[in-house]
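Taking it in order: structure first as structure tokens, then the write-up.
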Amino acid sequence: MSLKNKSLLSNLKYDFPSGLVVYLVALPLCLGVALASTGRSDLLFSGIIAGMIGGIVVGALSGSSLGVAGPAAGLVVIVLNALETLGSFEAFLLAVVIAGALQVIAGLLKAGIIGYYFPSSVIKGMLAAIGITLILKEIPHAFGYDADFMGDEAFNQKDGQNTFTEIWNSVRYSSTGAIIISAISLGLLILFDKPFMKRIQFFRFVPGALFVVLIGVALNLAYAAFIPAWTLSGEHMVQLPVATNAREFFGFFKTPDFSAFQRVEVYTIALTLAIVASLETLLSVEATDKLDPFKRSTPTNRELIAQGIGNMTSGLIGGLPVTQVIVRSSANIDSGGRTQMSTIIHGTILLLSAVLIPKFLNYIPLASLAAILLMVGYKLSKFSLYQGMYRLGKEQFIPFIVTIIAILSTDLLKGIAVGMVVAIYFILRKNYQHSYHYVKEQHREGEVITLILSEEVTFLNKGSISATLENLPDGATVVIDGSKSLNIDYDVLEIIQDFKKHSAPLRNITVETRGINDVQTVGGH
């Protein structure tokens, strides 16, 4: 099924419900990341601004059909340290603007090609790890223990707790009201995911996540009327800033301190933000494209430019930095989104709800939203994914599992780095083993050994080829055939030439080369 010739509006029946679900997922994450990034309740709206920009601006400019951008938990530590270094949020906003400009430049310079060099095993490991992380991190919120911010991905938390101690604390300090809401919400979401529910026309347009939220609000109001001890309030609820008038609302928006242009730290922070945000975006792009049921490919250079313009816009009006985020993108895919219109819709709803109904949004219990995220996490880390990766063999399965463990025990970027090291080891090992084909034949004049080099012979093959030449028997007749090779690196040519001219005569080995050019060795050796 192709969407290439379909307009954005023709898919609105799919994109609107999906955009609504993404909005419900994004709202608490935007607020949670803002609180964790700034440590200030007066700057909560900076997360909402970033969510709006990620949806509307990045969504409109991006070539990604299903990717959703917004404030990311992976940037929390960088933002916190930046605010401490610069001493003001306005100076930090300038760094965000500069970071966006650097991303635009990177996109124009075609740096997005980096996104194609992440092995599939690592990307799938990242998806599974994010799914498990979501489940583990949302359990406390489902139990009504909301000490950590919603959207945290790191194993070790700022409050000295970690993922597992947080779960234990949630069991010890659980809320009956929250458990009932999250259990009913989860049951409803499982029901709505059944094929027979999807055949009902009404439920195709009205997503289960919306029902879950409405049921959560209704249950909590019922608690207040009949069982006050179970009522959820304060930190257990969505806490969107509420303006009493237009002037107060526009006061939520801030502008950069352009006088900070002369500070070196601004540029250091901007460069760090640009690199980390770009890496997270490229990783999410690769992962989202793998989840896309229509198997579309996102132009990565255009994505960097879109993200850069998004960060420049966000910084100019008081928002946090944005990246493409796999949790929101996955929710978009699971909810049936078809085009980037779902992303734009989610950003538009964020804007309208913040303007028109902020007071009503604060009636939503986090336990309801935790249930939605638990379902997203489950779908990212299904058992079938592990079975499929295991069947592919250890060269795929080991990097996959290592990536999962590394992300769960550290954070996203560190875990990806560890997974990449393991994946590269297997790539090098395979490259080492398959750099040539070894053939031993009996001719009238005696035994002839032929080494048929592969199509691409690089410096990575030096070790295996050198070891094979050293282990040839004395007095052998050897043919080194490079006629089928498209490219043979200088390093390998130098080894072959050195063996042919120096080592082989000393061991009475006859060497014939085919399709291999002589090279000028450095120093005349």
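The values are calculated or read from the model by the stated rules, or taken from the named source; none is laboratory data. Note that the structure is predicted; figures quoted are calculated from it, not measured. Heads up, the Cβs are rebuilt from the backbone with ideal geometry, glycines too, and the neighbour counts pull from every protein chain shown. With ligands, DNA and RNA removed, areas are computed over all heavy atoms of the protein, side chains included. Shrake-Rupley method; radii C 1.70, N 1.55, O 1.52, S 1.80 Å.
Residues in the range 166-177: is at least one out of contact with any Asp or Glu (no Cβ under 6 Å at 6 or more places or on another chain), touching a residue at least 40 places away in the same chain (Cβ under 8 Å), among the hydroxyl-bearing types (S, T, Y) and open to solvent by 30 Å² or more (accessible area, probe 1.4 Å)?
Yes - at least one qualifying residue is present in the range 166-177.
Please go through the range 414-432 and give me each residue that is hydrophobic (A, V, I, L, M, F, W, C), modelled with pLDDT of 90 or more and in contact with a helix residue (DSSP H, G or I) (Cβ under 7 Å, 6 or more places away or on another chain), ordered by number.
Within the range 414-432, I416, V418, M420, V422, A423 meet the criteria.
Within the range 210-246, which residues are modelled with pLDDT under 90 and outside any loop (DSSP other than H, G, I, E, B)?
A246
Right, K414: in a helix (DSSP H, G or I), over 11 Å from G125 (Cβ atoms), under 16 Å from the mean Cα position of the chain (by Cα) and without any contact (Cβ under 8 Å) to a residue 40 or more places away in the chain or not? It would help to see each step written out before you state the result.
Values: in a helix (DSSP H, G or I): yes; over 11 Å from G125 (Cβ atoms): yes; under 16 Å from the mean Cα position of the chain (by Cα): yes; without any contact (Cβ under 8 Å) to a residue 40 or more places away in the chain: yes.
Yes: the conditions hold for K414.
Could you please give the count of residues in the range 252-274 that are under 24 Å from G74 (Cα atoms) and assigned to a helix (DSSP H, G or I)?
Of the residues in that region, 11 qualify.
Hey, among the residues in the range 201-254 that are among the polar types (S, T, N, Q) and within 23 Å of H346 (Cα to Cα), which one's surrounded by the fewest Cβ atoms within 10 Å (Cβ to Cβ)?
At the first step, the residues of the range 201-254 found to be among the polar types (S, T, N, Q) are 201, 220, 231, 233, 239, 244-245.
Imposing the further condition that a residue be within 23 Å of H346 (Cα to Cα) reduces the set to 201, 239.
On the way: Q201: 8, Q239: 19.
Within the range 201-254, the match that is surrounded by the fewest Cβ atoms within 10 Å (Cβ to Cβ) is Q201.
Mind checking which residues of the range 445-467 are open to solvent by 20 Å² or more (accessible area, probe 1.4 Å), in contact with a Phe, Trp or Tyr (Cβ under 8 Å, 6 or more places away or on another chain) and over 18 Å from N517 (Cα atoms)?
Listed by number, the residues that qualify are L460, G463.
List the number of the failed condition for L186; all other conditions in (1) under 29 Å from V285 (Cα atoms); (2) under 24 Å from the mean Cα position of the chain (by Cα) hold.
The single condition L186 does not satisfy is (2).
Going through the range 468-517 one residue at a time, which ones are within 47 Å of the chain's Cα centre (by Cα), under 25 Å from Q442 (Cβ atoms) and open to solvent by less than 40 Å² (accessible area, probe 1.4 Å)?
Within the range 468-517, T468, L469, I480, D481, G482, I496, I516 meet the criteria.
Conditions (1) crowded, with 24+ Cβ neighbours inside 10 Å; (2) within 21 Å of the chain's Cα centre (by Cα); (3) closer than 22 Å to D289 by Cβ, marked per residue:
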residue: A60; (1), (2), (3): no, yes, yes
residue: V68; (1), (2), (3): yes, yes, yes
residue: A73; (1), (2), (3): yes, yes, yes
residue: N81; (1), (2), (3): no, no, no
residue: G87; (1), (2), (3): no, no, no
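Give the residue, chosen from M150, M126, that is farther than 23 Å from I405 by Cβ and open to solvent by less than 50 Å² (accessible area, probe 1.4 Å).
Checking each option against the conditions leaves just M150.
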